[in-house]
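Below is one structure, written out as structure tokens; the observations come after it.
Bear in mind that the values in this text are calculations on the coordinates, not laboratory data. Because the structure is predicted, anything quoted here is derived from the model rather than measured. Because the Cβ atoms are built from the backbone with ideal geometry, glycine has one as well, and the counts that use them run over all protein chains shown.
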Amino acid sequence: MKKVITYGTFDLLHHGHVNLLRRAKELGDYLIVGVTSSDFDKNRGKINVKQSLMDRIEAVKALGIADEVIPEEYYGQKIDDIRNYDVDIFAIGSDWRGHFDYLNEYCQVVYLDRTEGISSTQLREGHNHIALGIVGASRDISKFIAESKYVSGIDIVALFPDGDDYDLGDAVSQVDSLEALLAECDAVYVANAPERRHATTTTALEAGKHVLCESPVALTAAEAAASFALAREKGLVFHEAVKTAYALAFSRLTLLIKSGMIGTPVSVRSTCTSQAFASPAGSLIGWGPIASLPIFEMLGTNYLSASAASLYSRKDGTDVFTKVDFIYEGACASFEVGSGVKSEGELVIAGTKGYVYVPSPWWKTDYFEVRFEDFSSNKRYFYQLNGEGIRDEISVFAKTIQDGKKPNLDITEEQTVALSGLIEAYRAGTMTVHNLGLEAKGTTISFFQN
Ligand code: CTP
């Protein structure tokens, strides 16, 4: 019996897939189809897949062409499968010509002509295109624009700088008012100065636009909560854009801890500092959303008390360094944030059985370790990081709008509100803030908008 194997994502199954499968089957007597798992696709940088692995497997099975359907989960699996299933022919579309010649060592490799004029990407893009407007202009926005190109179904249509003077070149056309921007788009990425974000978000939601808002979304808890309430009332999507929350490694790290791998977490310590890129709003507002993320994620937002210590800029009085300590029932946490101060940007989460160590810069993590007293039990984890998490952040936002479903987010409304509440308490002095004085004379900090 001649066995043939082929692989693909088979998202939104179309006639190109059907033709390919038919022709693959005709090459032999028995056809095995490997359907690529979402994780493996993400690792390859394909993050927009619409259907779940189960749905895609079911769709391929329902065609009745394949004799066997299996998931494809790791690099190198093709070689394993060819050997284990005793495969004679590996078949794949001509768009992959040359790419799989290395499999000739194990079986015959056949490239089949691709059907012209159809692809899953095309179908995904055909689904509700989202016209996205941007408010603000900064280095992070230029990264956002670059990353948005990897997300199908999102078109950046215009940008309103709202007073920011960062030069974005001709990456996007600019308009000179928020109203003009709102007239052109279905959704808005709000990334202007932190103190202006809440008002911009409110205007955009009132105008019926979905909002992805840079973090902090507001400088008081009440304002943050009001944005969520307004979005709910209007049936719109409102997401906090804290990129690390969308990174695969961070998400896996969270699941692993919640599943009890290190026992009960008793301490979270996170550090985020930068000398080159400081937020003009100070280090707590600039870095606090990321630094507090693992704390609120692992220990919740119901801390018993929080206190801070800050060192201030001679130039404009903003905090160049802040340390915040939290006391929880049965646990404690702290974060250090600095703009113009440098420290080891690591994350340590200690638990009753072991701890998690994420090396610097932990907020751009693709790697972490779970460590135990018996070091032979230590485990290391690697996950692909797509554009610092920005690509996934945009993709989740787009998918939530298109599918009209509640997403499975690692950053909850409660956490977003708690962060704004922490900033509010710090600024209003309703929490203890120890004054460490002014930074040393002669310190120079280069300012970049967050
Ligand atoms: N295929 C084909 N003709 C098409 C589209 C896909 O023959 N018009 C083949 C591919 O070459 C591959 C298999 O179908 O062998 C599965 O491809 P997949 O990547 O799942 O489909 P695409 O439509 O190419 O998906 P995407 O746009 O996401 O790359």
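Numerical summary
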| read-out | value |
| --- | --- |
| Sole exception among (1) crowded, with 22+ Cβ neighbours inside 10 Å; (2) more than 32 Å from the chain's Cα centre (by Cα); (3) more than 8 Å from the ligand (Cβ to nearest atom) for Val35, by number | (2) |
| Subset of the stretch 275-294 (residues that are of a type in the set (S, T, N, Q) and closer than 11 Å to Val320 by Cβ) | Gln275, Ser279, Ser283 |
| Test result for Arg391, part of a helix (DSSP H, G or I), surrounded by fewer than 18 Cβ atoms within 10 Å (Cβ to Cβ) and in contact (Cβ under 8 Å) with a residue 60 or more places away in the chain | no |
| Every residue from the stretch 316-347 that is within 19 Å of Pro265 (Cβ to Cβ), in contact with a helix residue (DSSP H, G or I) (Cβ under 9 Å, 6 or more places away or on another chain) and not small (Gly, Ala, Ser) | Val324, Phe326, Tyr328, Cys332, Phe335, Glu336, Glu346, Leu347 |
| Long-range neighbours under 7 Å by Cβ, at least six apart or interchain, first residue within 30 Å of Asn192 (Cβ to Cβ) within the stretch 241-270, second of a type in the set (S, T, N, Q) | Ala241/Ser215; Val242/Ser215; Ala247/Thr365; Leu248/Gln384; Ala249/Thr365; Phe250/Thr244; Phe250/Thr365 |
| Strands (runs of 3 or more DSSP E) enclosed by the stretch 249-358 - at least 3 residues per element that are within 18 Å of Val433 (Cα to Cα) | 305-312, 319-328, 331-339 |
| Whichever residue in the stretch 38-54 is more than 8 Å from the ligand (Cβ to nearest atom) and of a type in the set (A, V, I, L, M, F, W, C) and, among such residues, is surrounded by the fewest Cβ atoms within 10 Å (Cβ to Cβ) | Met54 |
| Those residues of the stretch 104-152 which are part of a loop (DSSP other than H, G, I, E, B), more than 9 Å from the ligand (Cβ to nearest atom) and surrounded by fewer than 17 Cβ atoms within 10 Å (Cβ to Cβ), in sequence order | Tyr106, His127, Asn128, His129, Lys149 |
| The stretch 18-60, residues that are outside any helix (DSSP H, G or I) and of a type in the set (S, T, N, Q) | Thr36, Ser37, Asn48, Gln51, Ser52 |
| Residue among Asp80, Asp101, Asp29 that is more than 30 Å from His129 (Cβ to Cβ), in contact with a strand residue (DSSP E or B) (Cβ under 7 Å, 6 or more places away or on another chain) and more than 14 Å from the ligand (Cβ to nearest atom) | Asp101 |
